[in-house]
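Asker: Handing you a structure now.
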Amino acid sequence: LQGIFVLGLPYALLHSGYSGLFLIILAAALCCYTGKILIACLYEENEDGQLIRVRDTYEDIANACCKKLSPKLGGIVVNVTQVMELIMTCILYLVVSGNLLLHSFPYVLVTEKTWSVIAFVTLLPCVFINTLKIVSKLSQLCSLVHFFIILVVMTYCLTQIHQWSWAKFRLSIEFEDFLVSVGVIIFSYTSQIFLPTLEGNMKNPGEFRCMLNWTHFFACVLKTTFALTSFLTWGEETKEVITDNLPSFLQTLVNLCLLTKALLSYPLPFFAATEIVYTCISRGNHSNYRSPLFALGVRGSFLLITLLMAMFIPHFALLMGLTGSVTGAAMTFLLPSLFHLKLKWKKLSFLEKCADISVFVLGFLCSLAGMVCSVKGLLEVFG
């Protein structure tokens with residue numbers, strides 16, 4: 001919940017004004033809600049009224065919803081959507097790493113693509129990751145680095161408190177700029193892809209809802225505080241990535257920390273994507289598809305694909321925006337609410353049904369608006 005997107009929140013406030021603060025809180029509440037209803041779809045009541053976990057993955061939920069139409073159709077759609085988003089996330093981390101290395105060592109005569117290859121070499125050990133426990137340790141280190149970056153930026157902002165002015169906030173906003181802000185804010189909270197696996201690996205799954213409430217609450221508080229203090233410090237001069245506003249003596253330090261964070265963030269989406277593909281391929285009875293060597297080959301192939309796409313896809317940011325608008329909104333809002341309505345319709349109250357339908361409509365509008373803006377940007381780039 002505290003990814004690189006957080007660094008774009010002050011820029012989102014620049015274009016959304018006071019409504020941006022409301023959006024940060026609303027997005028936390030909505031994403032927390034869709035996370036809960038998604039996990040609720042994993043369970044069914046037995047004859048004694050006790051909840052039993054009858055499904056394990058996002059794919060299982062989709063198959064249960066589409067079994068009358070086609071037993072495997074829902075799972076295929078969900079898996080393709082998940083893998084697309086996860087691979088695009090991995091590619092983004094490689095692109096970001098190359099860019100950060102280029103700006104951290106401008107005196108070294110090396111291109112951004114070469115820096116991406118160097119970053120890729122440090123990620124080669126990822127092919128040997130075969131358990132979520134290893135990923136969780138790397139994610140812990142990633143969180144520590146992230147909080148250090150936030151601390152550096154906020155400490156500098158607090159030294160400039162004498163320059164703060166609420167007059168910097170906009171009352172009127174441009175619609176297209178506002179849509180960009182909505183995308184940045186909402187997608188800074190997305191985690192639904194990982195939730196079924198995380199809940200299934202918890203020592204006490206009964207604490208999942210409580211965990212989700214607290215993590216989204218603290219994420220919301222941190223995002224709001226960070227975005228607000230940063231925007232009040234730089235106002236109209238706020239850049240897309242807030243660390244670019246820092247003085248040069250802090251920029252290099254923060255860029256290297258961001259590089260570390262990007263490299264430590266890579267294993268989680270990479271592991272999730274390869275596990276989905278490996279599970280789908282090895283589902284048959286053929287023993288060759290279940291061997292450790294085959295799993296190693298799958299992970300190695302994915303690692304190489306992310307490098308090639310990072311080096312050769314032009315206008316990656318726009319393509320990422322387009323993919324995120326489709327897959328991000330689908331996995332975060334559209335599918336959880338749709339699946340919950342389908343599987344739990346008879347047991348939902350009127351208010352719960354209204355909530356699910358509202359989330360679905362909101363997700364559809366966000367997805368449509370994001371697609372229009374991204375396609376428009378691509379058309380402008382390609383003339």
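The values are calculated or read from the model by the stated rules, or taken from the named source; none is laboratory data. Given the structure is predicted, the values throughout are model-derived calculations rather than measurements. Here the Cβ is made from the backbone with ideal geometry for all residues, glycine too, and neighbour counts use every protein chain on show. Heads up: the accessible areas ignore ligands, DNA and RNA and are worked out on the full protein's heavy atoms, side chains in. Shrake-Rupley method; radii C 1.70, N 1.55, O 1.52, S 1.80 Å.
Asker: If we scan region 143-154, do we find a residue that is within 24 Å of TYR266 (Cα to Cα), touching a Phe, Trp or Tyr at 6+ places or on another chain (Cβ under 9 Å) and open to solvent by less than 70 Å² (accessible area, probe 1.4 Å)?
Answerer: Looking through region 143-154, at least one residue is within 24 Å of TYR266 (Cα to Cα), touching a Phe, Trp or Tyr at 6+ places or on another chain (Cβ under 9 Å) and open to solvent by less than 70 Å² (accessible area, probe 1.4 Å).
Asker: With the structure loaded, tell me whether LEU158 is touching a helix residue (DSSP H, G or I) at 6+ places or on another chain (Cβ under 6 Å), assigned to a helix (DSSP H, G or I) and in contact (Cβ under 8 Å) with a residue 12 or more places away in the chain or whether it fails that test.
Answerer: It is false that LEU158 is touching a helix residue (DSSP H, G or I) at 6+ places or on another chain (Cβ under 6 Å), assigned to a helix (DSSP H, G or I) and in contact (Cβ under 8 Å) with a residue 12 or more places away in the chain.
Asker: Next up: Filter region 230-243 down to residues that are within 22 Å of the chain's Cα centre (by Cα) and open to solvent by 20 Å² or more (accessible area, probe 1.4 Å) and give me whichever is nearest to PRO106 (Cα to Cα).
Answerer: Top of the filtered list is VAL241.
Asker: Would you point out the residue of region 92-101, among those that are over 13 Å from the mean Cα position of the chain (by Cα) and modelled with pLDDT of 85 or more, that is farthest from SER248 (Cα to Cα)?
Answerer: LEU94
Asker: Looking for whichever is closer than 25 Å to PRO336 by Cα, under 21 Å from the mean Cα position of the chain (by Cα), open to solvent by less than 80 Å² (accessible area, probe 1.4 Å) and at pLDDT below 85 here; the options are LEU86, LEU132. Which one fits?
Answerer: LEU132
Asker: If you scan region 216-229, which residues turn out to be more than 13 Å from LEU26 (Cα to Cα) and out of contact with any Leu (no Cβ under 6 Å at 6 or more places or on another chain)?
Answerer: PHE218, LEU222, THR225, PHE226, LEU228, THR229
Asker: Can you give me the ranges of the helices (runs of 4 or more DSSP H) entirely in region 285-348 with at least 2 residues that are closer than 22 Å to LYS376 by Cα and modelled with pLDDT under 70?
Answerer: The helices (runs of 4 or more DSSP H) meeting that bar are 316-323.
Asker: Looking at region 195-212, can you tell me whether even one residue there is surrounded by 15 or more Cβ atoms within 10 Å (Cβ to Cβ) and within 22 Å of ALA12 (Cβ to Cβ)?
Answerer: no
Asker: For region 246-256, enumerate the residues that are buried (at least 19 other Cβ atoms within 10 Å of the Cβ) and assigned to a helix (DSSP H, G or I).
Answerer: VAL254, ASN255
Asker: In this structure, is LEU246 in contact with a Phe, Trp or Tyr (Cβ under 9 Å, 6 or more places away or on another chain) and either of a type in the set (A, V, I, L, M) or closer than 23 Å to PHE22 by Cα (or both)?
Answerer: Judged against the criteria, LEU246 is a match.
Asker: Here's another thing I want to ask about it. Scan region 17-69 residue by residue and report those that are more than 29 Å from GLU275 (Cβ to Cβ) and either of a type in the set (A, V, I, L, M, F, W, C) or under 26 Å from the mean Cα position of the chain (by Cα) (or both).
Answerer: Residues satisfying the conditions are GLY17, TYR18, SER19, GLY20, LEU21, PHE22, LEU23, ILE24, ILE25, LEU26, ALA29.
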